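Below: one structure, written as structure tokens.
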Amino acid sequence: MATTQPIHHRELAPQEMLGRSRIWTLVMGLAVIGLVLGIVSYARELTGGMVVTGMRDVGIGGGATWGLYVAFLIYMMGVSFAGITIAAMIRLLKLEQLRPVGRIAEILSVVAVVLGGLAIIVDLGQPLRGLVNLFRYARPQSPFFGTFTLVLAGYGFASLVYLYLGSRRDAAVLAERPGRLQWLHRFVASGYSDTPEERERHDRASFWLAVGIVPLLVVASSTLGFVFGLQIGRPGWFSALQAPAFVTLAGVSGVGLVIVLAALVRHAEHRSDVLTPAVFAWLGKLMLGLLSVYVYFMAVELVTATYAGSEADADITAALLTGTYAPIFWTSVAFLVVPLGLLVYAALAKRWSIGMLTAVSVLVNLGALGKRYLIVVPSQTHGTLLPYGEGSYTPALVEYGVVLGLVALGVLMIGAFMKALPLIELQREEEEVGQDA
């Protein structure tokens with residue numbers, strides 16, 4: 001019977017590396033402050049009602065019932081889609097070049113799903129009533145129902161299981177070392193011994209989970225686009241391009257955040273030996289393809305709305321191009337088109353600078369946030385088919401505070417994971433000794 005000797009590895013445990021980092025401590029401290037501000041802001045919203053936000057009824061209320069929270073929800077769901085897709089495709093297509101960022105993509109996906117779910121909760125005036133009524137009055141044919149079941153319950157749970165399966169081996173490695181978190185490592189490892197049979201079983205389970213996740217992701221993200229695209233009575237939303245555009249921009253923003261997080265880990269943990277320029281070049285090429293498709297979708301949609309759109313569509317387009325939302329629109333377009341030009345230049349010159357890719361990733365994520373906001377709001381303030389006047393919406397400080405708190409919570413979750421388990425698979429030497437029972 002084959003037995004396995006204790007697993008050896010050369011890297012320090014993650015808590016030992018981060019324990020020496022003042023930057024990590026500072027970031028976590030700022031995140032705690034941000035989380036406290038978010039909790040205070042939400043407490044004010046919960047006690048004072050939605051009137052303390054900038055949201056108002058559509059039409060006679062002259063405002064928008066969906067605002068910054070829903071835009072943040074769509075953005076986070078996009079990030080989660082791209083994160084777990086990258087992780088799944090690494091295993092399905094055996095993309096060994098991207099394996100160092102696999103776990104980064106996995107944890108980013110899990111955190112994004114959690115933040116997206118919380119964004120829905122804070123958007124409800126009475127969250128408990130909303131959750132109860134979801135089960136009382138749910139309609140399976142509604143895209144909203146699909147958003148909750150497929151996005152949050154479906155691939156959110158699948159992403160968590162995928163992350164757990166991939167973390168057990170490293171937890172078993174760290175469980176051999178005495179320390180304050182040894183109990184946690186033993187719990188996560190759950191008796192994992194890294195025998196060939198157990199390793200094969202884990203690989204097989206992860207492979208079939210990845211096979212199931214990929215189509216689920218496309219359906220789930222498309223369903224979120226259908227929430228808007230199938231509303232025939234809402235100009236600016238009703239479009240066959242909503243679902244594919246949602247999926248494509250999700251990939252752009254998700255890949256961008258993976259690049260940013262990988263660059264931070266490369267610097268904080270001194271992992272230039274693993275997170276090489278070749279890894280970032282692969283991610284850059286992936287972003288180039290996705291961003292090219294999205295810019296094409298954006299141009300087609302704009303041409304259609306200006307050339308053959310209805311009067312209501314023309315009003316929304318005018319508000320985007322030259323009216324109320326023009327500053328956000330053109331800034332978002334610039335943050336998407338300029339990075340596309342830089343990526344094209346990098347591809348032609350075959351020079352993928354990590355600094356350039358990080359800057360591009362920050363820009364495209366800011367552009368994606370702007371585009372998500374412009375999907376949600378203008379069609380409510382300028383997109384009515386009834387004879388109402390133009391409305392307006394400006395997020396209140398309470399809304400900014402809550403979103404800041406959600407972002408801070410995400411930073412704390414990633415930071416806590418980095419403290420407990422490595423964001424990059426530990427390199428270890430395994431020695432198997434054959435022994436007959």
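Here are M287, M298: which of them is in a helix (DSSP H, G or I), aliphatic (A, V, I, L, M), in contact (Cβ under 8 Å) with a residue 40 or more places away in the chain and touching a helix residue (DSSP H, G or I) at 6+ places or on another chain (Cβ under 6 Å)? Of the residues listed, the single one that is in a helix (DSSP H, G or I), aliphatic (A, V, I, L, M), in contact (Cβ under 8 Å) with a residue 40 or more places away in the chain and touching a helix residue (DSSP H, G or I) at 6+ places or on another chain (Cβ under 6 Å) is M287. Within the option set L230, L249, L257, being under 24 Å from the mean Cα position of the chain (by Cα) and open to solvent by less than 20 Å² (accessible area, probe 1.4 Å) holds for one residue only, L249.
Within the range 373-398, residues that are under 12 Å from P235 (Cβ atoms) have Cβ atoms under 6 Å from residues that are β-branched (V, I, T) and open to solvent by 20 Å² or more (accessible area, probe 1.4 Å) in these pairs: Q380/V58, counting only partners at least 6 apart in sequence or on another chain.
Taking the conditions exactly as written (free of Cβ contacts under 8 Å to residues at least 24 places away in the same chain and either surrounded by 14 or more Cβ atoms within 10 Å (Cβ to Cβ) or within 21 Å of the chain's Cα centre (by Cα) (or both)), does I121 satisfy them or not? Yes, satisfied. Per the listing D194, D170, the residue uniquely under 26 Å from K419 (Cβ atoms) and either in a loop (DSSP other than H, G, I, E, B) or among the polar types (S, T, N, Q) (or both) is D194. Here P277 meets the list (1) within 21 Å of V337 (Cβ to Cβ); (2) open to solvent by 20 Å² or more (accessible area, probe 1.4 Å) almost entirely, failing just condition (1). Taking each residue of the range 23-41 that is touching a residue at least 12 places away in the same chain (Cβ under 8 Å) and looking for partners that are basic (K, R) and in a helix (DSSP H, G or I) with beta-carbon atoms closer than 9 Å, six or more apart or interchain, yields W24/K419; M28/K419. Residues that are charged (D, E, K, R), open to solvent by 50 Å² or more (accessible area, probe 1.4 Å) and part of a helix (DSSP H, G or I) within the range 25-77 comprise just one, R44. Restricting attention to the range 396-425, and to residues there that are at pLDDT below 90 and open to solvent by 10 Å² or more (accessible area, probe 1.4 Å), which single residue is nearest to L275 (Cα to Cα)? Once the filter is applied, the top-ranked residue is E425. Selection within the range 360-372: residues that are in contact (Cβ under 8 Å) with a residue 40 or more places away in the chain and among the aliphatic types (A, V, I, L, M). The member of this set that is surrounded by the fewest Cβ atoms within 10 Å (Cβ to Cβ) is V362. Within the range 125-133, can one find any residue that is modelled with pLDDT of 80 or more and surrounded by 13 or more Cβ atoms within 10 Å (Cβ to Cβ)? Yes - at least one qualifying residue is present in the range 125-133. Scanning the range 375-395 for residues that are open to solvent by less than 40 Å² (accessible area, probe 1.4 Å) and assigned to a loop (DSSP other than H, G, I, E, B) yields a count of 7.
Per-residue answers, yes or no, for (1) within 17 Å of W237 (Cβ to Cβ); (2) acidic (D, E):
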| position | (1), (2) |
| --- | --- |
| V303 | no, no |
| D313 | yes, yes |
| Y325 | yes, no |
| V337 | no, no |
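Just to be sure before I move on: is A262 buried (at least 23 other Cβ atoms within 10 Å of the Cβ), touching a residue at least 60 places away in the same chain (Cβ under 8 Å), hydrophobic (A, V, I, L, M, F, W, C) and in a helix (DSSP H, G or I) in the structure I sent? So A262 fits the description; yes. Here A314 does not qualify as part of a helix (DSSP H, G or I) and touching a residue at least 60 places away in the same chain (Cβ under 8 Å).
The values are calculated or read from the model by the stated rules, or taken from the named source; none is laboratory data. Quick caveat, the model's predicted, so the values are computed rather than measured. Please note: Cβ atoms are built from the backbone with ideal geometry, for glycine as well, and neighbour counts cover all protein chains shown. Accessible surface areas use protein heavy atoms only, side chains included; no ligands, DNA or RNA. Shrake-Rupley method; radii C 1.70, N 1.55, O 1.52, S 1.80 Å.
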